[in-house]
Amino acid sequence: MTVWFVTHAEPVVEPRRPIGSWGLSAVGRARAAAWPAPVARVVASPERKAVETAELVAGGGAVEQDPALVEIDRSATGYLPFDEFDAVVDAFFARPTESVRGWERAADAQERIVAAVRSLAGPGPGPGLGAGGGVVLVSHGAVGALLLASLTGEPIARTHEQPGMGSVLTLDPVSWRLLSGWQRLPLPA
């Protein structure tokens with residue numbers, strides 16, 4: 001059994017619009033379209049950039065949505081300019097049991113994303129893997145870093161972040177072990 005945890009590709013940053021409504025940029029669309037999902041089941045965060053990524057990797061196949069795959073809740077601040085955002089992200093990872101500037105706590109977001117992955121991909125009650133033998137989950141970078149920390153048994157830290165938007169890691173949901181670390185989705189030649 002395999003889970004491919006994919007982070008959305010590069011979006012168009014629109015500071016005046018809610019972050020969850022941002023769509024993919026041309027580069028993001030190209031990156032997502034260049035990586036065909038290895039299985040038929042694709043489940044996405046309901047945020048637009050994740051859904052668009054999922055639709056492209058699914059190649060026209062069905063895409064399910066699950067609200068538990070959303071990014072960390074940072075609605076308390078909304079869009080922040082890059083330098084300010086980067087400093088808050090540093091604090092988010094450095095103090096995982098505290099709410100930094102009203103953001104969801106890293107420890108809570110980790111618990112949520114781990115439960116979501118186990119529910120969507122693991123054996124037992126719920127939709128599970130089904131006959132396809134695997135599932136592609138399209139989500140977000142920060143919760144992906146929190147998932148990676150859980151899989152490796154290491155403390156929450158920013159060092160677990162993806163190398164760039166539009167990255168994938170693979171895991172075995174039964175043994176709860178990492179099969180491969182972060183790899184960027186390719187850009188077409």
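Kindly establish whether Pro38 is open to solvent by 30 Å² or more (accessible area, probe 1.4 Å), closer than 22 Å to Pro163 by Cα and in a loop (DSSP other than H, G, I, E, B). I'd like the intermediate steps shown before the answer.
Details: open to solvent by 30 Å² or more (accessible area, probe 1.4 Å): yes; closer than 22 Å to Pro163 by Cα: yes; in a loop (DSSP other than H, G, I, E, B): yes.
Taking the combined requirement at face value, the residue satisfies it.
Give segment 142-160 a look and list any residue that's part of a helix (DSSP H, G or I) and either open to solvent by less than 60 Å² (accessible area, probe 1.4 Å) or among the hydrophobic types (A, V, I, L, M, F, W, C) (or both), or say none.
Step one: filter segment 142-160 for residues part of a helix (DSSP H, G or I), giving 142-152, 158-160.
Within segment 142-160, Ala142, Val143, Gly144, Ala145, Leu146, Leu147, Leu148, Ala149, Ser150, Leu151, Thr152, His160 meet the criteria.
Each row is one residue, and each column tells you yes or no for (1) open to solvent by 70 Å² or more (accessible area, probe 1.4 Å); (2) of a type outside the set (Val, Ile, Thr); (3) more than 27 Å from Pro173 (Cβ to Cβ); (4) more than 13 Å from the chain's Cα centre (by Cα).
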site: Ala9; (1), (2), (3), (4): no, yes, no, no
site: Val12; (1), (2), (3), (4): no, no, yes, yes
site: Arg29; (1), (2), (3), (4): yes, yes, yes, yes
site: Val42; (1), (2), (3), (4): no, no, no, no
site: Lys49; (1), (2), (3), (4): no, yes, no, no
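Just to be sure before I move on: is Thr97 open to solvent by 60 Å² or more (accessible area, probe 1.4 Å), over 22 Å from Ala50 (Cα atoms) and touching a Phe, Trp or Tyr at 6+ places or on another chain (Cβ under 9 Å) in the structure I sent?
Working: open to solvent by 60 Å² or more (accessible area, probe 1.4 Å): yes; over 22 Å from Ala50 (Cα atoms): yes; touching a Phe, Trp or Tyr at 6+ places or on another chain (Cβ under 9 Å): no.
No.
Just to be sure I understand the filter: pairs with C-beta atoms under 6 Å, separated by 6 or more residues or on different chains, first member in segment 146-172 and touching a residue at least 40 places away in the same chain (Cβ under 8 Å), second member open to solvent by 10 Å² or more (accessible area, probe 1.4 Å) and assigned to a loop (DSSP other than H, G, I, E, B). Which pairs pass?
Taking only residues 6 or more apart or on different chains, the pairs are Ile156/Pro96; Met165/Glu10.
Anything in segment 17-60 that is within 20 Å of Phe82 (Cβ to Cβ) and in contact (Cβ under 8 Å) with a residue 40 or more places away in the chain? List them, or say none.
Result: Pro18, Ile19, Gly20, Val27, Gly28, Glu47, Lys49.
Using beta carbons and a limit of 9 Å, which pairs, at least six apart or on different chains, have the first residue in segment 99-123 and at positive phi and the second one part of a loop (DSSP other than H, G, I, E, B) and open to solvent by less than 50 Å² (accessible area, probe 1.4 Å)?
What qualifies is Arg101/Arg74; Arg101/Thr77; Arg101/Leu80; Gly102/Arg74; Gly102/Thr77.
Within segment 63-86, take every residue that is among the aliphatic types (A, V, I, L, M) and part of a helix (DSSP H, G or I) and give me the one that is surrounded by the fewest Cβ atoms within 10 Å (Cβ to Cβ). Steps first, please.
So the first thing to find is which residues in segment 63-86 are among the aliphatic types (A, V, I, L, M), and the list is 63, 68-70, 72, 76, 80.
Still in the list and also part of a helix (DSSP H, G or I): 68-69.
Details: Ala68: 17, Leu69: 25.
This residue is Ala68.
Out of Val57, Val89, report the one residue that is under 16 Å from the mean Cα position of the chain (by Cα), open to solvent by less than 20 Å² (accessible area, probe 1.4 Å) and farther than 27 Å from Ala37 by Cβ. Outline the logic, then answer.
On the way: Val57 fails: farther than 27 Å from Ala37 by Cβ.
Selected residue: Val89, the only one of Val57, Val89 that is under 16 Å from the mean Cα position of the chain (by Cα), open to solvent by less than 20 Å² (accessible area, probe 1.4 Å) and farther than 27 Å from Ala37 by Cβ.
Taking the criterion of being within 16 Å of the chain's Cα centre (by Cα) and without any contact (Cβ under 8 Å) to a residue 60 or more places away in the chain, would at least one residue in segment 128-144 satisfy it? Before you say what the answer is, go through the steps one by one.
Filtering segment 128-144 down to residues within 16 Å of the chain's Cα centre (by Cα) leaves 135-144.
Within this subset, residues satisfying the condition of being without any contact (Cβ under 8 Å) to a residue 60 or more places away in the chain are none.
No: segment 128-144 contains no residue that is within 16 Å of the chain's Cα centre (by Cα) and without any contact (Cβ under 8 Å) to a residue 60 or more places away in the chain.
The values are calculated or read from the model by the stated rules, or taken from the named source; none is laboratory data. As the structure is a prediction and not an experimental result, all values here were calculated from the model. Reconstructed Cβ throughout: ideal geometry from the backbone, glycine too, with neighbour counts over all protein chains shown. Just so you know, the surface numbers come from the protein's heavy atoms only, side chains and all, with ligands and any DNA or RNA stripped out. Shrake-Rupley method; radii C 1.70, N 1.55, O 1.52, S 1.80 Å.
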